[in-house]
Amino acid sequence: MKLKGWRELTPGAVILEAGNAVEFKTGSWRAFKPIWKQENCIQCLFCWLFCPDMAVKVKDGKRADFDYEYCKGCGICALECPGKKGKKAIVMVEEGN
Amino acid sequence: MSKVVAATGNEAVANALRQVDPDVCAAYPITPQTELMQRFASFVSDGQVKTETILVESEHSAMSACVGAAAAGGRVVTATSSQGLALMWEILFIASGLRLPIVMPVVNRALSAPINIHGDHSDAMGARDSGWIQLWSENAQEAYDNTIQAFRIAEHMDTRLPVMICLDGFIISHSIERIEYLDDDEVKNFVGEYRQLHPLLNIEHPVSYGPLILTDYYMEYRKAHDEVMTKVPGIVLDVAKDFEKISGRKYSLFDAYRLEDAEVALVILNSAAGTSKDVVDEFRNRGVKAGLLKPRLYRPFPYKEIGEALKHLKAVCVLDRADAFGGSYGPVFIDIAASLYSYKEKPILINKIYGLGGRDYFPEHAALVLNELIEIVKTGEVKTFKEYIGVRQ
């Protein structure tokens, strides 16, 4: 992608297009990776609600798997996940293992 | 129709803010600015303005609230002095970087330590390179006039930059002077309706403020800011022309007083320029070709125009009411020296530091300096390039 020159920038670095975070992929920042365990998922969608990016996908109103291109491994989804009978539906594992 | 009143500098600036009737004001009291915002708060309480005032717990919060309100789409004001401006420092750069046209009177006061409440320029000089526009004011009339013009300069579509209006603490803020107020309607027409370019509160077109800009773009944004600063002098002159039509008062980038055929001159900011002009007159009466230059637009500094105005002189003394503890010269001296740097023929420059912490500046000080300049012209010798005056040895 050709980078813009200083004359082409919006004053004050204001972003004018809504929802353009889709162009900014944060997956490479990750040290820990969330793993979804469907068998423990109660479909509360807390993970979708709490995810600060757009790493949790929902299809036909149901939880779908992670989109790791937008997951920086913050772990909020795993923390908020109520799980089923004390068993988490999202667990964090170290990358590379 | 204008109205002639007797008022303090703070009162005059507060009245200018009343006439503009901004949308939002977030401020924190600090001497010697307190009276200014106390008077403006009275206008709010009495229903004379529709401004929403935000009570904050510090100047850091005051400027932060101003940034938020300005990004949201409001016409925003605040005011401060000294430590208050120092506490705002971090957010000053955010206001200018986001190109938010906040208007802020700065009632100049010395910085701690040692703690001191009186007038000097250390506070605003510390913020001179924060990306804000700075207008400096000799007296209460100019502070009032600059405040009104500041809105048009800040909100100009080609720039959108925050503006500080500097006036000397106590000497101007608390002294009663004769001031001509414009009519409320004239001021309202002059400043006009304000429309934010990209307001956060426009939910039809959502925008984001304050993104992370790293190595790939940061330098381009800084270059763009540098470039936009170069447009400011032209805008300041255009606004001054329009202001003259309603007020009859003429303003420029700087005040060149008896400078055209002068051989020696003083460069001095704000209230002390008034004292110095009287002394220049006395010297003129004695046949000495003396003059004075008083910067009004100090940031961006009109280097080219000031260089042109001073280059023909034989000797110039720059008087600084703040020192820059860089082991070199006062801040105004450094700028004046830079403005003359490119000329082959230029005046000999000396620097005097005066009036720190509100120390009185008397006509005798100006006379002493002018006599020294005459001696320098005669002998071609400079004893000291930088010296404190009015200080006990």
Which numbered condition B:K223 misses (of (1) in contact with a helix residue (DSSP H, G or I) (Cβ under 8 Å, 6 or more places away or on another chain); (2) within 14 Å of chain A (Cβ to nearest Cβ); (3) in contact (Cβ under 8 Å) with a residue 24 or more places away in the chain):
(3)
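I'd like the residue in region A:1-26 that is in contact (Cβ under 8 Å) with a residue 24 or more places away in the chain and either touching a helix residue (DSSP H, G or I) at 6+ places or on another chain (Cβ under 7 Å) or facing chain B (nearest Cβ under 7 Å) (or both) and, out of all such residues, is most open to solvent (accessible area, probe 1.4 Å).
Residues of region A:1-26 in contact (Cβ under 8 Å) with a residue 24 or more places away in the chain: A:21-22, A:25-26.
Add one more test, that the residue is either touching a helix residue (DSSP H, G or I) at 6+ places or on another chain (Cβ under 7 Å) or facing chain B (nearest Cβ under 7 Å) (or both), and what stays is A:25-26.
Working: A:K25: 106, A:T26: 4 Å².
Selected residue: A:K25.
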Check whether at least one residue in region A:59-76 is surrounded by 11 or more Cβ atoms within 10 Å (Cβ to Cβ), within 14 Å of chain B (Cβ to nearest Cβ) and without any contact (Cβ under 8 Å) to a residue 60 or more places away in the chain, and report yes or no.
yes
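Would you check if there is a residue in region B:251-258 being within 9 Å of chain A (Cβ to nearest Cβ), in contact with a helix residue (DSSP H, G or I) (Cβ under 9 Å, 6 or more places away or on another chain), surrounded by 12 or more Cβ atoms within 10 Å (Cβ to Cβ) and on the phi > 0 side of the Ramachandran plot? Explain how you work it out, then say what you get.
Initial filter on region B:251-258 (within 9 Å of chain A (Cβ to nearest Cβ)): none.
So far as region B:251-258 goes, no, none of its residues is within 9 Å of chain A (Cβ to nearest Cβ), in contact with a helix residue (DSSP H, G or I) (Cβ under 9 Å, 6 or more places away or on another chain), surrounded by 12 or more Cβ atoms within 10 Å (Cβ to Cβ) and on the phi > 0 side of the Ramachandran plot.
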Only residues in region B:204-217 that are more than 7 Å from chain A (Cβ to nearest Cβ) count as the first member; pair them with residues that are of a type in the set (G, A, S), Cβ under 7 angstrom, at least 6 apart or cross-chain, and list the lot.
none
When you scan region A:27-45, do you find a residue that is within 14 Å of chain B (Cβ to nearest Cβ), open to solvent by 90 Å² or more (accessible area, probe 1.4 Å), under 23 Å from B:I213 (Cβ atoms) and in contact (Cβ under 8 Å) with a residue 12 or more places away in the chain, even just one?
yes
Of the residues that sit in region B:193-203 and are in contact (Cβ under 8 Å) with a residue 40 or more places away in the chain and open to solvent by less than 60 Å² (accessible area, probe 1.4 Å), which one is farthest from B:S122 (Cα to Cα)?
B:N202
I need the helices (runs of 4 or more DSSP H) fully contained in region B:32-132, keeping only those with at least 1 residues that are surrounded by 24 or more Cβ atoms within 10 Å (Cβ to Cβ) and within 14 Å of another protein chain (Cβ to nearest Cβ).
B:59-72, B:82-97
Of (1) away from every other protein chain (no Cβ under 14 Å); (2) assigned to a loop (DSSP other than H, G, I, E, B); (3) open to solvent by 50 Å² or more (accessible area, probe 1.4 Å); (4) touching a residue at least 60 places away in the same chain (Cβ under 8 Å), B:R178 fails just (2)
Residues of region B:336-373 being more than 15 Å from B:A273 (Cα to Cα), within 22 Å of the chain's Cα centre (by Cα) and exposed (fewer than 15 other Cβ atoms within 10 Å of the Cβ), in sequence order, are B:A338
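The values are calculated or read from the model by the stated rules, or taken from the named source; none is laboratory data. Being a predicted model, the structure only gives us computed values, none of them experimental. Cβ atoms come from the backbone with ideal geometry, glycine included; neighbour counts cover every protein chain shown. Side chains included, ligands, DNA and RNA excluded: accessible areas come from the protein's heavy atoms. Shrake-Rupley method; radii C 1.70, N 1.55, O 1.52, S 1.80 Å.
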